[in-house]
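The values are calculated or read from the model by the stated rules, or taken from the named source; none is laboratory data. None of the values given here were measured: they were computed from a predicted structure. All Cβ positions, glycine included, derive from the backbone under ideal geometry; neighbour counts span all protein chains shown. Heavy atoms of the whole protein, side chains included, go into the accessibility calculation; ligands, DNA and RNA do not. Shrake-Rupley method; radii C 1.70, N 1.55, O 1.52, S 1.80 Å.
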Amino acid sequence: IGEIQRFLRDDGTVKVSRSVKELAIKVRRAKEQLSSQYGRLPTLTEIAEELDVTVDDIVLSQDASRAPASIHETVYE
Amino acid sequence: MNNEAIFKFRSISENEAFARLVVASFITPYDPTIGELTDIKTVVSEAVTNAIIHGYDGRDDQWVHMTLTMQNNVLSIEIRDEGLGIADVEEAMQPLFTTKPEMERSGMGFTIMEHFMDAVEVISSQSKGTTIRMSKHLASVQAECH
Amino acid sequence: MNNEAIFKFRSISENEAFARLVVASFITPYDPTIGELTDIKTVVSEAVTNAIIHGYDGRDDQWVHMTLTMQNNVLSIEIRDEGLGIADVEEAMQPLFTTKPEMERSGMGFTIMEHFMDAVEVISSQSKGTTIRMSKHLASVQAECH
Ligand SMILES: Nc1ncnc2c1ncn2[C@@H]1O[C@H](COP(=O)(O)OP(=O)(O)O)[C@@H](O)[C@H]1O
Ligand SMILES: Nc1ncnc2c1ncn2[C@@H]1O[C@H](COP(=O)(O)OP(=O)(O)O)[C@@H](O)[C@H]1O
Ligand SMILES: [Mg+2]
Ligand SMILES: [Mg+2]
């Protein structure tokens with residue numbers, strides 16, 4: 001079990017907030033790149049595959065910063 | 001794949017983010033686009049914030065109820081509080097109408113919900129509480145499921 | 001910040017991932033380490049999988065119940081099914097014990113739960129169902145909350 005835990009944990013002492021912030025930046029870049037490639041917004045799976053992370057990680061990273069500005073953008077764009 | 005999840009959480013402001021993530025988690029298996037996901041999270045934020053700050057007027061020991069269903073690519077979301085209720089629903093749903101201008105509320109919550117969802121229904125009765133029912137067809141979702 | 005959320009969701013296998021993500025969403029605001037988060041997601045996967053494949057024996061129209069509470073940096077998780085129940089809990093909790101070897105189950109679910117959590121309690125009664133209660137002190141979580 002210790003083995004399993006070490007295997008699962010890889011880099012386990014990093015705070016979630018930090019890794020989430022780092023991933024959010026990568027997701028933003030991947031989103032732009034895939035959007036221009038496909039001519040539409042990518043799905044979660046497509047972004048996860050591009051970045052080689054789980055869909056879970058993408059979901060959590062998308063919520064790191066609450067951005068009221070983006071609400072405004074989406075409504076009025 | 002059809003699904004259904006029912007839950008309640010405390011009326012603390014942190015649960016606005018939690019509810020948003022729960023909905024995101026619920027639709028993740030259907031592989032929505034990032035745009036659909038953002039729209040739906042925005043709508044849930046608005047409805048849950050309303051339940052907490054208007055329905056419960058900031059009381060943090062109450063329950064906010066949420067029901068999620070996915071049926072034939074249609075996502076339905078019900079968000080309910082047992083708070084103060086709305087005196088005049090039609091008026092409340094007008095763009096820019098707010099009863100809390102002092103909190104820098106924009107009065108755009110209902111307008112955002114109506115804009116992003118296919119259908120929005122508001123049932124409210126004073127001192128009994130408010131139920132918001134919304135639904136949206138997820139265009140990107142495959143008929144055939146993973 | 002203390003919090004509490006109560007759920008039920010359908011016993012479909014996709015909801016293992018849903019439950020895992022819900023728990024992650026619940027604890028993310030407390031900013032645990034990635035290790036703590038991974039441990040907790042693993043444990044929830046094990047317990048929800050057990051409810052679906054053992055408790056309900058694959059029936060996908062039943063409810064799995066989950067209660068999450070966070071109190072003074074202690075996370076408690078209760079996962080409950082109203083399924084078949086466990087005849088001999090002590091035996092079931094032995095490492096490598098499984099009643100579904102044909103499904104390539106490892107028999108390590110309970111062992112993982114006990115190893116990753118501070119406390120695990122299993123209450124089961126045949127044909128009534130099974131309740132798993134687990135708790136863990138999140139060491140990395142600050143007393144002072146955001
Ligand atoms: N759940 C609720 N309980 C009681 N009143 C509500 C609720 N939701 C909305 N309202 C009322 O409707 C008004 C408009 O809501 P909304 O469009 O979201 O704007 P805002 O939240 O910015 O005031 C609120 O100011 C409030 O008076
Ligand atoms: N919720 C449940 N309902 C009924 N039986 C269960 C439940 N959870 C576990 N069990 C029983 O306990 C055994 C051991 O569980 P576990 O350690 O998770 O191993 P595995 O799931 O790989 O069989 C299972 O094989 C099953 O017989
Ligand atoms: Mg509002
Ligand atoms: Mg198991």
Identify the single condition in (1) away from ligand 3 (no atom under 16 Å from the Cβ); (2) within 30 Å of residue A:27 (Cα to Cα); (3) not charged (D, E, K, R) that residue B:116 does not satisfy, given that it satisfies every other one. (1)
Has the stretch A:49-61 got any residue that is within 10 Å of chain C (Cβ to nearest Cβ) and modelled with pLDDT under 85? no
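For the stretch C:126-136, state whether one or more residues are more than 15 Å from ligand 2 (Cβ to nearest atom) and more than 14 Å from chain A (Cβ to nearest Cβ). Break it down stepwise before answering.
Our first condition is that a residue be more than 15 Å from ligand 2 (Cβ to nearest atom); within the stretch C:126-136, this holds for C:135-136.
Checking the rest, the ones that are also more than 14 Å from chain A (Cβ to nearest Cβ) come to C:135.
Yes.
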What number of residues within the stretch C:58-81 are within 13 Å of another protein chain (Cβ to nearest Cβ), closer than 14 Å to residue B:7 by Cα and within 16 Å of ligand 2 (Cβ to nearest atom)? 5
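Looking at the structure I just gave you, is residue C:81 within 19 Å of residue C:14 (Cβ to Cβ), more than 15 Å from the chain's Cα centre (by Cα) and modelled with pLDDT of 95 or more? Walk me through how you get there before you give the answer.
On the way: within 19 Å of residue C:14 (Cβ to Cβ): yes; more than 15 Å from the chain's Cα centre (by Cα): no; modelled with pLDDT of 95 or more: yes.
Here the answer is no, as residue C:81 does not meet what is asked.
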Of C:121, C:114, the only residue that is away from chain A (no Cβ under 14 Å) and not aliphatic (A, V, I, L, M) is C:121
When the stretch C:90-116 is checked residue by residue, the ones that are closer than 27 Å to residue C:62 by Cα, in contact (Cβ under 8 Å) with a residue 40 or more places away in the chain and more than 7 Å from ligand 2 (Cβ to nearest atom) are C:103, C:112, C:113
Would you please name the residue that is farthest from ligand 1 (Cβ to nearest atom), looking only at residues in the stretch B:41-72 that are over 19 Å from residue B:125 (Cα atoms) and in contact with a helix residue (DSSP H, G or I) (Cβ under 6 Å, 6 or more places away or on another chain)? B:68
Of (1) within 16 Å of residue C:127 (Cβ to Cβ); (2) among the acidic types (Asp, Glu); (3) surrounded by 18 or more Cβ atoms within 10 Å (Cβ to Cβ), residue C:88 satisfies all except one. Which? (3)
Report the residue count in the stretch C:57-72 for those that are crowded, with 18+ Cβ neighbours inside 10 Å and either assigned to a loop (DSSP other than H, G, I, E, B) or acidic (Asp, Glu) (or both). 1
Residue C:96 passes all but one of the listed conditions (1) more than 17 Å from the chain's Cα centre (by Cα); (2) surrounded by 17 or more Cβ atoms within 10 Å (Cβ to Cβ); the exception is number (2)
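What about residue B:17, is it in a helix (DSSP H, G or I), under 17 Å from the mean Cα position of the chain (by Cα), at pLDDT below 95 and within 16 Å of ligand 3 (Cβ to nearest atom)?
Values: in a helix (DSSP H, G or I): yes; under 17 Å from the mean Cα position of the chain (by Cα): yes; at pLDDT below 95: yes; within 16 Å of ligand 3 (Cβ to nearest atom): yes.
Judged against the criteria, residue B:17 is a match.
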Test for residue C:114: is it farther than 16 Å from residue C:54 by Cβ, modelled with pLDDT under 95 and acidic (Asp, Glu): no
Looking only at the stretch C:1-46, filter to residues that are without any contact (Cβ under 8 Å) to a residue 12 or more places away in the chain and more than 9 Å from chain A (Cβ to nearest Cβ); which one of those is most open to solvent (accessible area, probe 1.4 Å)? C:14
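Answer with yes or no whether residue B:131 is assigned to a loop (DSSP other than H, G, I, E, B), touching a Lys or Arg at 6+ places or on another chain (Cβ under 8 Å) and either in contact (Cβ under 8 Å) with a residue 12 or more places away in the chain or more than 26 Å from residue A:62 (Cβ to Cβ) (or both). If you could, list the steps in order and put the result at the bottom.
Numbers: assigned to a loop (DSSP other than H, G, I, E, B): no; touching a Lys or Arg at 6+ places or on another chain (Cβ under 8 Å): yes; either in contact (Cβ under 8 Å) with a residue 12 or more places away in the chain or more than 26 Å from residue A:62 (Cβ to Cβ) (or both): yes.
When the stated conditions are applied, residue B:131 does not pass them.
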Only unsatisfied item for residue C:84, checking (1) in contact with a strand residue (DSSP E or B) (Cβ under 8 Å, 6 or more places away or on another chain); (2) within 14 Å of another protein chain (Cβ to nearest Cβ), is (2)
So residue C:106 clears everything in (1) open to solvent by 50 Å² or more (accessible area, probe 1.4 Å); (2) assigned to a loop (DSSP other than H, G, I, E, B); (3) away from chain A (no Cβ under 14 Å); (4) more than 23 Å from residue B:28 (Cβ to Cβ) except one condition, right? Which one? (3)
Which condition number does residue C:77 fail, the rest of (1) crowded, with 18+ Cβ neighbours inside 10 Å; (2) outside any strand (DSSP E or B) being met? (2)
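Within the stretch C:111-146, count every residue that is within 16 Å of ligand 4 (Cβ to nearest atom) and closer than 19 Å to residue C:67 by Cβ. Explain how you work it out, then say what you get.
Going through the stretch C:111-146, the residues within 16 Å of ligand 4 (Cβ to nearest atom) turn out to be C:111-117, C:120, C:122, C:124, C:129-132, C:134.
Next cut, closer than 19 Å to residue C:67 by Cβ only: C:113, C:116-117, C:120, C:122, C:124, C:129-132, C:134.
Selection size over the stretch C:111-146: 11.
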